Amino acid sequence: MIFEAVLFDLDGTLIDTLSDIGDAVNRVLSNKKFPTHAISAYRKFVGDGSRMLIERALPKKFRKDKIIDACLKEYIEDYTRNYNVKSKLYFAIPNLLDTLMAKGLRLGILSNKPDAITKKCVKTFLSKWDFDVVFG
């Protein structure tokens with residue numbers, strides 16, 4: 001089988017973003033007087049988009065559309081400002097991407113993170129490599 005391209009997810013695949021995501025959600029929860037969570041808890045909250053992240057982080061009795069929407073808006077604003085405080089490439093990713101590019105493979109990223117912040121993360125952390133497609 002001959003491959004021409006490799007598609008990656010972003011969060012938890014190329015970049016370790018869990019702490020910045022968790023910190024941003026915790027700031028929102030704290031601002032709204034909701035309990036916060038250990039960063040490790042966010043491993044179970046992430047994976048299905050920002051709205052579901054917020055819903056999972058909220059106490060069950062407060063998982064109402066109006067509250068979720070308000071928290072989601074604040075989270076996106078906060079995370080957009082603070083996406084690169086603790087985030088970093090996973091250790092072996094530079095070598096992997098160098099190897100794939102040397103083999104002539106095309107690279108792409110598809111993320112459930114909002115498109116603008118996906119592109120911002122790629123520009124910040126992955127600008128050394130040429131990605132043919134980057135979509136959030």
DSSP bridge orientation in the chain - percent antiparallel, rounded to nearest 5: 20 percent
Please state the charge dipole magnitude for the chain, taken about the Cα centre, from unit charges on C-beta atoms (+1 on K and R, -1 on D and E), reported in debye and rounded to the nearest 20. 660 debye
Suppose the Debye formula is applied to equal point scatterers at every Cα of the range 56-136; what is log10 I(q)/I(0) at q = 0.16, 0.20, 0.27 Å⁻¹? -0.73, -0.96, -1.33
Rounding to the nearest 10 and keeping the result within 0 to 90°, find how far the Cα-based axis of helix 93-102 lies from the longest principal axis of the chain. 30 degrees
Take every Cα-Cα distance within the range 38-81, group them into 10 Å bins from 0 onward, and report for each bin the whole-number percent of pairs it holds. 28, 58, 14
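Treat every Asp and Glu Cβ in the range 29-109 as -1 and every Lys and Arg Cβ as +1, leave all other atoms uncharged, and give the resulting dipole magnitude about the Cα centre to the nearest 20 debye. Show your work: numbers first, answer last.
Working: 17 positive and 8 negative charges, 70 e Å.
Charge dipole of the range 29-109: 340 debye, to the nearest 20.
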Cα-based Rg then Dmax for the range 7-79, in Å, read 11.8, 40
First select every other residue whose beta carbon is under 12 angstrom from the beta carbon of residue 36; then total the charges, Lys and Arg +1, Asp and Glu -1. +2
Förster radius 30 Å - calculated FRET efficiency between residue 52 and residue 98 (Cβ-Cβ, nearest 0.05): 0.30
Between residue 106 and residue 120, what length comes free when the chain is fully extended (0.36 nm per residue of separation minus the Cα-Cα distance, one decimal in nm)? 3.0 nm
Take the Cα coordinates of the chain, assign each an equal point scatterer, and use the Debye formula without solvent to give log10 I(q)/I(0) at q = 0.11, 0.16, 0.19 Å⁻¹. -0.43, -0.80, -1.04
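Rounded to the nearest 20 debye, what is the charge dipole size of the range 1-68 about its Cα centre when +1 sits on each Lys and Arg Cβ and -1 on each Asp and Glu Cβ? Numbers along the way, then the final one.
Numbers: 12 positive and 9 negative charges, 171 e Å.
Here the size comes out at about 820 debye.
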Of the residues 57, 24, 70, which exhibits the maximal mean-square fluctuation in a Gaussian network model of the chain defined by a 10 Å Cα contact cut-off? 70
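With the cut-off at 32 Å, tell me which of the pairs 64/128; 44/73; 64/119 have Cα atoms farther apart than that. Intermediate results must be reported in sequence, preceding the final value.
Working: 64/128 42 Å; 44/73 21 Å; 64/119 30 Å.
Cα-Cα > 32 Å for 64/128; rest within.
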Rounding to the nearest 10 and keeping the result within 0 to 90°, find how far the Cα-based axis of helix 18-31 lies from the longest principal axis of the chain. 20 degrees
Each label sits 7 Å from Cα toward the beta-carbon; between residue 36 and residue 63 the label points are separated, in nm, by 2.3 nm
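How charged is the neighbourhood of residue 107? Take every other residue with its Cβ under 13 Å from the Cβ of residue 107, and add Lys/Arg as +1 and Asp/Glu as -1.
Summing Lys and Arg as +1 and Asp and Glu as -1 gives -2.
We did not get these values from a lab; they are worked out from the coordinates using the rules stated. Because the structure is predicted, anything quoted here is derived from the model rather than measured. No Cβ is skipped: glycine too gets one built from the backbone with ideal geometry, and neighbour counts run over all protein chains shown.
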